[in-house]
Amino acid sequence: MHMAKVADVMRWMNDWAPPALAMDWDRVGLQVGDPNAHVDTLLATLDVTENVVAEAVQKGANMIVAHHALLFQPLKELRLDTEKGRIIQKLLQHGIAVFVAHTNLDIAEGGVNDVLAERLQLQDVRILSRQHNEELLKFVVFVPEEQAEHVRTAICEAGAGWIGNYSHCTFNTAGVGTFVPQTGTDPFIGKQGQLEKVREIRLETIVPRSLQTKIIEACLQAHPYEEVAYDLYPLEVMGKEYGIGRIGVLPKPMTLETFAAWTKQRLESKHLRFVGDKGQQISKVAVLGGAGMDWAKEAKRLGADVFVTGDVKYHEAQDAQTMRLAVIDAGHNATEKWIREKICEELTRRGLQEQTSIRCIASETDTETFQQV
């Protein structure tokens, strides 16, 4: 086992929740710290507050992974008589890096909204609103017949060849390759200065743009040739769908009043309010962690009986009532805080895969802003 670096955690988070998925206005990525610094303990949180930083110091964490950005608006000054200034000062004093994954983690598979759907035990879950489709490429490589299986296995294990739920999808065409090894070459087959004809396989498959480099590297490592002939073609076919929010069905229907109480309990919401007929039967549920009312019409269009989100405004609630969509406002914090444990689970798994020693802690600091009377 070896110690992880900040750059390793950045890579793991970006593999899980690619920055390209983030909304244009968002601020994600490393906001404080040195990518080359070592990390042995990491704290996962929703917000970077003074109390969260104090918790990180007390628990010996040298990196924080947060959902909400510490630095969102550009800083005009860095004053230590402000909360933001004190936070940054303490982070730098104790060598604590801060990494942010926000709307990209909302959209990512297994991210904020999938975790929210799991908390509410939704079934047959799908995306509420499509935001992106992964760009696909056609990858073609020419391999001697005897080594084709080895190369095929290597590129598919690196992520090539997925079509829907089918893996290792390739097409293989036999043919003859020709080449003349020139001075200074060390050919796997043939001799310098002589035309060589080799029975080869044209191996072609689908690769996601995000895995292009990884797959090419796997191919070059597995391929026997000194110089590998391969092609990449852009495709018009849309790849894997990514989107905001989730929609699914309850294991069994219940009234809106019962579902609201159950949601409050499942999300440990300190303040929950709802719009709609208490006796309405609820079966199909849309969810969107944080402030999600911009997608209320999409929830209605897809047949949701109720939309669970946070930060619902008065007139947004009226609009939902007009369109006969029940809405549960469980609070911004309560709909997102469950991602802390998932971040720890995901980073621990990826760290173990790469034989790194890293301890991940879900923050116990309550960053809920609102209080009740």
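The values are calculated or read from the model by the stated rules, or taken from the named source; none is laboratory data. Worth saying up front: this structure is predicted, and the values here are computed from it rather than measured. Because the Cβ atoms are built from the backbone with ideal geometry, glycine has one as well, and the counts that use them run over all protein chains shown.
Before moving on, here are some points about what is shown:
- Failed item, numbered, when Gly243 is tested on (1) in contact (Cβ under 8 Å) with a residue 60 or more places away in the chain; (2) not in a strand (DSSP E or B): (2)
- Scanning the range 44-67 for residues that are touching a strand residue (DSSP E or B) at 6+ places or on another chain (Cβ under 9 Å) and more than 20 Å from His332 (Cβ to Cβ) gives Val53, Glu55, Ala56, Lys59, Gly60, Ala61, Asn62, Met63.
- Of everything listed in (1) exposed (fewer than 15 other Cβ atoms within 10 Å of the Cβ); (2) in a helix (DSSP H, G or I); (3) modelled with pLDDT of 95 or more, the single unmet condition for Leu352 is (3).
- Only strands (runs of 3 or more DSSP E) whose full extent lies in the range 35-127 are considered here, and the ones with at least 1 residues that are of a type in the set (Gly, Ala, Ser) and touching a residue at least 40 places away in the same chain (Cβ under 8 Å) are 41-45, 97-100.
- Scoring Thr263 on the criteria (1) surrounded by fewer than 19 Cβ atoms within 10 Å (Cβ to Cβ); (2) under 29 Å from the mean Cα position of the chain (by Cα); (3) touching a residue at least 24 places away in the same chain (Cβ under 8 Å) leaves a single failure, condition (1).
- Residues that are under 21 Å from Ala218 (Cβ atoms) and part of a loop (DSSP other than H, G, I, E, B) within the range 147-189 comprise Ala158, Gly159, Ala160, Gly161, Trp162, Ser167, His168, Cys169, Phe188, listed in sequence order.
- Residue list for the range 322-349, filter: more than 22 Å from Leu256 (Cα to Cα) and in contact (Cβ under 8 Å) with a residue 24 or more places away in the chain: Lys337, Trp338, Ile339, Arg340, Glu341, Lys342, Ile343, Cys344, Glu346, Leu347
- Among the numbered conditions (1) in contact with a Ser or Thr (Cβ under 8 Å, 6 or more places away or on another chain); (2) closer than 20 Å to Ile247 by Cβ, the only one that Trp338 does not meet is (1).
- Condition met for Asp26 (surrounded by 19 or more Cβ atoms within 10 Å (Cβ to Cβ), at pLDDT 95 or above and either within 20 Å of the chain's Cα centre (by Cα) or not aliphatic (A, V, I, L, M) (or both)): no
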